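Notes follow the structure.
The values are calculated or read from the model by the stated rules, or taken from the named source; none is laboratory data. Note that the structure is a prediction, hence the values are computed from the model and not measured. Cβ coordinates were reconstructed from backbone atoms using ideal geometry, including for glycine residues, and neighbour counts include every protein chain displayed.
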Amino acid sequence: MRQYSKYNKEIIKRKINELSLLWEISQALERSMDLRDVVSPVLNALAERMGMSHGTLTLLNRKTGEIFIECAHGLSATQRRQGRYKLGEGVTGKVVQTGRTAVVPRVSEEPLFLNRTGSHKNLEKKDVSFICVPIKIGNEVVGALSADRLFDETISLREDVRLLSIIASMIAQAVKLRQEAQEEREFLIHENARLKSELRNHFHPSNIIGKSKAMQKVYDLIAQVSKSNATVLIRGESGTGKELVANAIHYNSLRANGPFIKVNCAALPEAVLESELFGHEKGAFTGAISQRKGRFELASSGTIFLDEVGDLSPVVQLKLLRVLQEREFERVGGMTTIKADVRVIAASNRNIEALMEKGQFREDLYYRLNVFPIYVPPLRERRTDIPLLADFFIERYSNANNKKIHRISTSAIDMLMSYHWPGNVRELENCIERAVLLSNEGVIYGYHLPPTLQTATATGTVYSNTLRGALDNLERELVLDALKTSRGNITRAARILGTSERIVGLRIKKYKIDTKRFHT
């Protein structure tokens, strides 16, 4: 009778412990559905009240099919990282794959038990029992809850299985939310890495259009300076691509993962520019209703690009000089000194030396900026790049406007090559965009280009408003195109035009075309 009474007391004590544990879990879930706030107390309580030596909560990544340990009791950080399984791999992988509970009385006798974490050693001295239950939302398995205890023949594992199953069902919704949050986080990490990779590829010097000797020198300078923290001054006319060079330097530097902040110094008045660069405190001036970080502060650990730096006012020049010298500044209206961990790249299309002679630009600032100068040549000094740039812009604007432009005629190329391009690459881009919009034949001809390019010098002929003149111009373009396609072979050109060699020869003589220029 006493033995029976003692047995009843053990059952009652166990039930009270279970109810207390379940109450604790329900209270934790009521306070928060964040799994990180719930699971650690649950596993600790299981260890205390069930005699559990190790416990784990594993999540399934539905995109990769990988099962990983989200939270654990009795495992080190290294052991948690090692506990990764594929669907169907090991006991945990089987449970997540099938959705069925697994009970292993003695793990030393179970070949499916992988001991991936390395937490079960010397099993011949102290064998353990292992229980793993699936965590489900409806019929979907989102993870697993597992626990182990020292093997004891006198202890039934049935009650442990029942308790773990109840706990798994209680925390299932929190596990589901955590699973989705983890998958979203991994997606954002991969997307961020992909976008940064795209930026690096997009702004890599090899993707700046141009193979001329002048541009090769620019590429060499970019390669030399990118990995350093040296201040760079990019010089060149408007429209030459100075910003592209700045991008290439940043995205191939050791600061590529940091921010890249751009400021057009010519676009803002002095008072606004100072606040934009260095930020301001609340109440610093009328309209400053709150504290605001400046571009230098936002560019911390990255790069700031100061475009048109030659247009800075004397006051802003002095403050910029201090940043370059001391690597610190204060916000407008502020007293706190802020350290500037920023690389500076500046650019200007103005003659800064002439500005210094007039007293409009500080010499000491110029020498601070001009640590590593890069000169971007104008388009007229790199004419061999014009066809490459034209093809690039044709493809871009053909795709943007759903047009199929196959090529650009020889006469149009002659115009492009003969023009002096005061607006440089930006002007060329605008001309090609216009030509793409005007062309309805899949070919860009000379008459699709702006009137400023259609000169007698550029085309080698005089344009006329008469029918005869227009026909002659068209005939000349067709002959030039055929000769270009045939690489100067008159027989092939005649075949392309559907006429005789004699006729083509006469037209070559009439329009004074040099066929040698097409030989390659």
| field | Tally, over segment 209-262, of residues that are of a type in the set (A, V, I, L, M, F, W, C) and in a strand (DSSP E or B) | value | 5
| field | Out of ALA230, ALA271, sole residue that is surrounded by fewer than 17 Cβ atoms within 10 Å (Cβ to Cβ) and either in contact with a Cys (Cβ under 8 Å, 6 or more places away or on another chain) or modelled with pLDDT under 90 (or both) | value | ALA271
| request: Filter segment 345-370 down to residues that are aliphatic (A, V, I, L, M), within 30 Å of TRP421 (Cα to Cα) and either touching a residue at least 24 places away in the same chain (Cβ under 8 Å) or surrounded by 20 or more Cβ atoms within 10 Å (Cβ to Cβ) (or both), then give me how many there are. | output: 6
| request: Have a look at ASN424, ASN402, ASN351 and point out the one that is polar (S, T, N, Q), at pLDDT below 95 and over 33 Å from the mean Cα position of the chain (by Cα). | output: ASN351
| query | Could we say that LEU416 is modelled with pLDDT of 90 or more, in contact with a helix residue (DSSP H, G or I) (Cβ under 6 Å, 6 or more places away or on another chain), under 28 Å from PRO378 (Cα atoms) and assigned to a helix (DSSP H, G or I) here? | reply | yes
| query | For segment 26-40, does any single residue satisfy the condition of being of a type in the set (Lys, Arg) and modelled with pLDDT under 65? | reply | yes
| request: Sort through GLY143, GLY93 and tell me the only one that's in contact with a helix residue (DSSP H, G or I) (Cβ under 6 Å, 6 or more places away or on another chain), of a type in the set (Gly, Ala, Ser) and assigned by TED's automatic domain parsing to the domain that holds GLU66. | output: GLY143
| query | Just wondering, is there one or more residues in segment 271-278 that are under 26 Å from the mean Cα position of the chain (by Cα), assigned to a strand (DSSP E or B), at negative phi and in the same structural domain as GLU330 (by TED's automatic domain parsing)? | reply | no
| field | Test: LYS176 is in the same structural domain as THR58 (by TED's automatic domain parsing) and either surrounded by fewer than 19 Cβ atoms within 10 Å (Cβ to Cβ) or more than 19 Å from the chain's Cα centre (by Cα) (or both) | value | yes
| Can you tell me which residues in segment 294-315 are among the β-branched types (Val, Ile, Thr) and within 14 Å of ILE261 (Cα to Cα)? | THR303, ILE304
| said: For segment 449-498, which positions are of a type in the set (A, V, I, L, M, F, W, C), at pLDDT 80 or above and not in a helix (DSSP H, G or I)? | reply: LEU449
| request: Find the residue count for segment 493-518, including only residues that are of a type outside the set (Val, Ile, Thr) and under 20 Å from ILE408 (Cβ atoms). | output: 6
| query | Between a first residue in segment 471-483 that is touching a residue at least 24 places away in the same chain (Cβ under 8 Å) and in the same structural domain as LEU497 (by TED's automatic domain parsing) and a second residue that is of a type in the set (A, V, I, L, M, F, W, C) and surrounded by fewer than 21 Cβ atoms within 10 Å (Cβ to Cβ), which pairs have beta carbons less than 6 Å apart while being 6 or more apart in sequence or on different chains? | reply | LEU483/PHE518
| field | When residues of segment 393-420 are limited to those that are farther than 19 Å from VAL479 by Cβ and touching an Asp or Glu at 6+ places or on another chain (Cβ under 6 Å), the one surrounded by the most Cβ atoms within 10 Å (Cβ to Cβ) | value | PHE393
